[in-house]
């Protein structure tokens, strides 16, 4: 668990420090009432009316986090003029009863 937490923190630091000035990010934007209903939005300031790409983390709706998104993939999409959205969502078996359909609805 400590290694996972450390990896997550280091990944977030590396991603934020490796973005150039034309790449911007809004982190932990709330989109719902649950504490996991947050997302990160990345975009390239050189492009207007950009298409949106959603990167959904793996984990079978049981585990995972937006923190595990592939930073190289995010940079690639931004360099091509896309907005990248990476959401977290409620997980099955974590606290209140949640089904995979609830996760998808988030």
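Residue pairs whose Cβ atoms lie under 9 Å apart, sitting 6 or more positions apart in sequence or on different chains, and linking a residue in region 38-52 that is over 23 Å from residue 67 (Cβ atoms) to a partner that is surrounded by fewer than 11 Cβ atoms within 10 Å (Cβ to Cβ), are 45/21.
Where in the chain are there helices (runs of 4 or more DSSP H), lying wholly inside it, with at least 1 residues that are surrounded by 14 or more Cβ atoms within 10 Å (Cβ to Cβ), over 13 Å from the mean Cα position of the chain (by Cα) and modelled with pLDDT of 90 or more?
Numbers: elements: 2-18, 71-79, 100-105.
Output list reads 71-79.
The values are calculated or read from the model by the stated rules, or taken from the named source; none is laboratory data. All values derive from a computational prediction rather than experimental measurement. Note: ideal-geometry Cβ built from the backbone for every residue, glycine included; neighbour counts use all protein chains shown.
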